[in-house]
1. If we keep just the residues of the stretch 100-123 that are surrounded by 15 or more Cβ atoms within 10 Å (Cβ to Cβ) and aliphatic (A, V, I, L, M), which is nearest to the ligand (Cβ to nearest atom)?
2. Considering only the stretch 17-66, state which residues are among the hydroxyl-bearing types (S, T, Y), free of Cβ contacts under 8 Å to residues at least 40 places away in the same chain and touching a Pro at 6+ places or on another chain (Cβ under 6 Å).
3. Are any residues in the stretch 112-128 touching a Phe, Trp or Tyr at 6+ places or on another chain (Cβ under 6 Å) and within 14 Å of G142 (Cα to Cα), and if so, which ones?
4. Among the helices (runs of 4 or more DSSP H) confined wholly to the stretch 123-241, which include 3 or more residues that are under 20 Å from L87 (Cα atoms) and touching a helix residue (DSSP H, G or I) at 6+ places or on another chain (Cβ under 9 Å)?
5. Just the residues that are of a type in the set (A, V, I, L, M, F, W, C), within 22 Å of V56 (Cα to Cα) and surrounded by fewer than 19 Cβ atoms within 10 Å (Cβ to Cβ), please, taken from the stretch 250-299.
6. Search the stretch 124-169 for residues being β-branched (V, I, T) and near the ligand (Cβ under 10 Å from one of its atoms), and hand back the single one that is farthest from D98 (Cα to Cα).
Amino acid sequence: MGQTIGRQATRNDRSAGAGAPRVSFEFFPPKTDDGAVRLEQTVRALADLAPAYMTVTYGAGGSTQSLTRQWVDRVRGLSGAPVAHHLTCVGASREEVDALAADLWADGVQHIVALRGDPPQGTDRYRPHPDGYPFAADLVAGLRDVADFEISVGAYPEVHPEAASAAADMDNLKRKLDAGAARAITQYFFDVETFLRFRDRAHAAGIDKEITPGVIPVGNLKSLIRFSQACGATVPRWLTDMFDGLDGPEHEETRAMLAASVAIDQCMRLSDEGVDSFHFYTLNRAEVTRAVCHALGVRAPAESAAA
Ligand SMILES: Cc1cc2nc3c(=O)[nH]c(=O)nc-3n(C[C@H](O)[C@H](O)[C@H](O)COP(=O)(O)OP(=O)(O)OC[C@H]3O[C@@H](n4cnc5c(N)ncnc54)[C@H](O)[C@@H]3O)c2cc1C
């Protein structure tokens, strides 16, 4: 009961526009013309929420890597927001990674999301490039030698699936931050308690940098389940029950409403626990992310003026 009253009070503050959190939006480079048109619309629709930054992911096998660069430029041009380029250790020597990073810096890209990367499709496990950066912590240190980048790294509230243990994974996160990363952005999760316990463990391990929760609006449940199995994120039963029977295209609007409701509840609860930054895995769609931001008090200037 007390908690409910407390939360209501916070929500009222939010609707008055007080203390809105910082938000960031992640996109992937589309592979089709239709996808490109949709992403441009999405970027335009989210730009006026004045995100702290937007990011563009980097493909595992090389196919979409040059697309990342193109879309970083395009998103920058369309939004005027700072845009981060994701970069991985996969399939490239240190020299090649350093050269790309130097080129990005010269081009005004100052923020990198530095990751190890996953094994390219068709390979069973991750093998470092013989002359490459083996892990993300090594990449962070290498990037810091290239230029004064702002660097974000990945973190795993449910523990990275290849980690030797939860403690080893936390040590790894600390190494990445100590090597010069400014913040960690987490893999998505649906259980708020999982994130809060992870944040507690991080603090206990001496981590005092920003840990931004990654939030995914549920799009297609089947692909979400498939992807979650690979990345070690739990899709709870209540969530699959909620979206059960809504796979068809005729249910798109219903799915979007439910996705917004789930993400709003999650973000509100995190916000009540002091979380003040959110990273949205937008899946290149604007509607649900925009609704969640609105609920959090993140408004376009015209919407704020009307409030
Ligand atoms: C916010 C975010 C964005 C992402 N964007 C992309 C993207 O654009 N492109 C892409 O391909 N993937 C992306 N990923 C996925 C990411 O590449 C995978 O999760 C990958 O498996 C791990 O990357 P990492 O940077 O966390 O790896 P690391 O931090 O290097 O850790 C990987 C694993 O190795 C272990 N480890 C680390 N160092 C050592 C060591 N010295 N010895 C032994 N074990 C060690 C860790 O505990 C962990 O289990 C993203 C993930 C997140 C959270």
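The values are calculated or read from the model by the stated rules, or taken from the named source; none is laboratory data. Since this is a predicted model, take the numbers as computed values, not measurements. Note: ideal-geometry Cβ built from the backbone for every residue, glycine included; neighbour counts use all protein chains shown.
1. So, considering only residues that are surrounded by 15 or more Cβ atoms within 10 Å (Cβ to Cβ) and aliphatic (A, V, I, L, M), the one nearest to the ligand (Cβ to nearest atom) is L115.
2. Listed by number, the list holds a single entry, T64.
3. Scanning the stretch 112-128 gives I112, R116.
4. In the stretch 123-241, 136-146, 166-178 are the helices (runs of 4 or more DSSP H) which contain 3 or more residues that are under 20 Å from L87 (Cα atoms) and touching a helix residue (DSSP H, G or I) at 6+ places or on another chain (Cβ under 9 Å).
5. Listed by number, the list holds a single entry, A291.
6. By that ranking, first place goes to V159.
Residue-by-condition table, conditions (1) more than 14 Å from the ligand (Cβ to nearest atom); (2) farther than 23 Å from R183 by Cα; (3) more than 16 Å from the chain's Cα centre (by Cα):
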residue: R22; (1), (2), (3): yes, no, no
residue: L49; (1), (2), (3): yes, no, yes
residue: V56; (1), (2), (3): no, no, no
residue: L67; (1), (2), (3): no, yes, yes
residue: R74; (1), (2), (3): yes, yes, yes
residue: L78; (1), (2), (3): yes, yes, yes
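For (1) within 18 Å of the chain's Cα centre (by Cα); (2) away from the ligand (no atom under 16 Å from the Cβ); (3) modelled with pLDDT of 95 or more, each residue gets a yes or a no:
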position	(1), (2), (3)
R237	no, yes, yes
A256	no, yes, yes
F278	yes, no, yes
A286	yes, yes, yes
A295	no, yes, yes
A302	no, yes, no
